[in-house]
1. Measure off, as a whole percent, the carbon and sulfur share of the 1.4 Å-probe accessible area of the stretch 51-176, all protein chains present.
2. Around residue 145, under 15 Å between beta carbons, what's the net of Lys plus Arg minus Asp minus Glu among the other residues?
3. Which number gives the lysine pairs in the stretch 86-155 that have C-alpha atoms under 26 Å apart and are eight or more places apart or on different chains?
4. What whole-number value in cubic angstrom gives the convex hull volume per residue for the C-alpha atoms of the stretch 55-166?
5. What are the GluC sites (Glu not before Pro) within the stretch 60-105 that DSSP puts in a loop, where the Cβ has at most 16 other Cβ atoms within 10 Å?
Amino acid sequence: MSACKFRHKISFHVPIKDTNIIKASHEVPSDLIPLIEHCLTTTYFSRNNQFYEQTSGAAVGSLISPVIANIFMKHFEKEALRKTFKKPEIWFRYVDDILIWRHGRAELRKFLIFLNNQHSNIHFTMDIEENGKLLFLDVLISKKADTLGHQVYRKPTHTDRYLHAESHHHPAQKTVYKQFTCT
């Protein structure tokens, strides 16, 4: 078995016509649907002192966009996994990272092609384990015989610098830090 991580790029281009997916999900109260449709269909932005109307997808930077993208991706996953020729043994997704185990490297490439043919706005890329190791989020997963190990992964640019609990930053920026600070 080979391990791989897929990363999808949807750039919040959730098609407006697919708001039926949001309605059918029942994850959003029905009285909010008109507001969401309004947010998805009346998006404007400025660049270089020019105003533009965004005609495709949810607004980048909007608080509703990740929620809508998540509902859309949940539906996308359900349909893609229902139609696939070989099902992944596991499928873990967090935002735009998906971790799966498949049936050999050749099948991984076929599965990537299959996923990329499901929707024109969704594009997946793939990282395959190297030397029995694979990064997923901030975890380095390692394969040892028939078991999996893990450790915290820090990017080479990680500096181990954190906000001091007594700094003059806004309290919301320090809340998590204070919860884990030993006194």
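1. Summing carbon and sulfur atoms, their accessible area is 56 percent of the total for the stretch 51-176.
2. +1
3. For the stretch 86-155, qualifying lysine pairs total 15.
4. 168
5. Qualifying residues, ordered by number: 89.
The values are calculated or read from the model by the stated rules, or taken from the named source; none is laboratory data. Not measured: the values here are computed from a predicted model. Methodologically, a virtual Cβ is constructed for each residue, glycine included, from the backbone with ideal geometry; neighbour enumeration extends over all protein chains shown. All accessible areas refer to the heavy atoms of the entire protein, side chains included, with ligands and DNA or RNA removed. Shrake-Rupley method; radii C 1.70, N 1.55, O 1.52, S 1.80 Å.
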